[in-house]
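Following: one structure in structure tokens, then a few remarks.
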Amino acid sequence: MALRRLHGGWGRNPQIRVGAGPPGRRPAKRVHKKVTRHLQSALRLAARIAWNGLANHASENIDHQELVLRAEAIAVHIDGLSASVVKDFKQIGTHHLDELRGRQARLVGLIAAAPPASLGTLADLSAACGWRLPETIAIAVVDEDPEAEGAVHPPAPPGVLSGRVDGVLTLAIPDVDGPGRREYLQRFFAHDRVVVGPVVKITDGPRSLQWASEMLFLIRNGFVQESGVTFCSNHFSTLLLFRDPVLLDAMSRQHLAPLNRLTPAKKDRLAETLLAWIRSGRSTTAVAARLQVHPQTVRYRMRQLEAIYGSKLRDPDALFELELVLRDWELRQNAQNSGSRSDTRAV
């Protein structure tokens, strides 16, 4: 009777309904433990009711030994029933979690993969996942070692969806710029290499994924020297430089041609000095501090650069283009020094 009462109330009690409430507000493990406690309490109550009924209706013909045997039979039956119910419920819970993860992975694919899904489609699947659809999103990619088969990566942080897009482990991260969010992500992925794309509208997820993938390429090949979590928003100028490599090559040939006539060592010294001079607001003292050389050395090099470039060093447009090609030169120097063997024009 107690079990029938429990079965009759199953699904009507919101406190013990499987999957009640959206994920995140009530963690699944906590729900499962609570429901399991309810089941075991009901079974213990059923055992007590059965024992009381047996004791109240036992005739004087049942001796003490028979009563003990029947009590033991009740206990064994309840123990077996309890183990079976808990096992079945765990299987139901596991199936429910697998379905939820599958829906979340599909949602990541819809947000990040091209062509972009409609806002209505995203809203429907988001509701099915119990995930509040944000207005903006940042897509991140996790760098996985292709030689490490079966490598285990940490689960996504709370509120972050994970899935695979074209075989790449991908994360959909809302509110990246919220208070403490970047620091939290850096701690969470302290032992992984993760690239977080720029924040975009929820329907522009593929663009964020594209930029994150391009930044991961630059990191892998030594153009950007970072580990752990990298935010594309800290490297917009670098991403912009690599958007049109053919045009950048043409600019480099035009502006660096005078330096190419020098020895490699002298070219590197003057290129480094000119870039530092532009970055430092043309301050000799600041350039000397940046390069850790004597100010007189900076003046000597700048006289050489004046002889090479002349009036271009006083033309804002020419200086802007010079800074672009010199930043590109610096990135490639970093990649070369890091031992990269990849094609530097593969972006």
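The values are calculated or read from the model by the stated rules, or taken from the named source; none is laboratory data. Bear in mind that the values here come from a model prediction, so they are computed numbers and not experimental data. Ideal geometry is used to build each Cβ from the backbone, glycine not excepted, and the neighbour counts take in all protein chains shown.
Listed by position, the helices (runs of 4 or more DSSP H) inside region 273-339 whose residues that are within 24 Å of PHE242 (Cβ to Cβ) and charged (D, E, K, R) number at least 1 are 316-337.
Residues that are at pLDDT 75 or above, of a type in the set (Val, Ile, Thr) and surrounded by fewer than 16 Cβ atoms within 10 Å (Cβ to Cβ) do not occur anywhere in region 94-101. In region 144-154 there is at least one residue that is closer than 18 Å to GLN104 by Cβ and at pLDDT below 90.
Being modelled with pLDDT under 85, part of a loop (DSSP other than H, G, I, E, B), out of contact with any helix residue (DSSP H, G or I) (no Cβ under 6 Å at 6 or more places or on another chain) and aliphatic (A, V, I, L, M) is not true of ALA190. Considering region 221-238, the residues that are touching a strand residue (DSSP E or B) at 6+ places or on another chain (Cβ under 8 Å) and part of a loop (DSSP other than H, G, I, E, B) include one that is nearest to ALA190 (Cα to Cα), namely GLY228. Being in contact (Cβ under 8 Å) with a residue 24 or more places away in the chain, surrounded by 15 or more Cβ atoms within 10 Å (Cβ to Cβ), within 18 Å of the chain's Cα centre (by Cα) and not in a helix (DSSP H, G or I), is that true of even one residue in region 115-130? Looking through region 115-130, none of the residues is in contact (Cβ under 8 Å) with a residue 24 or more places away in the chain, surrounded by 15 or more Cβ atoms within 10 Å (Cβ to Cβ), within 18 Å of the chain's Cα centre (by Cα) and not in a helix (DSSP H, G or I). For region 182-193, the criterion of being of a type in the set (S, T, N, Q) and surrounded by fewer than 21 Cβ atoms within 10 Å (Cβ to Cβ) is met by at least one residue.
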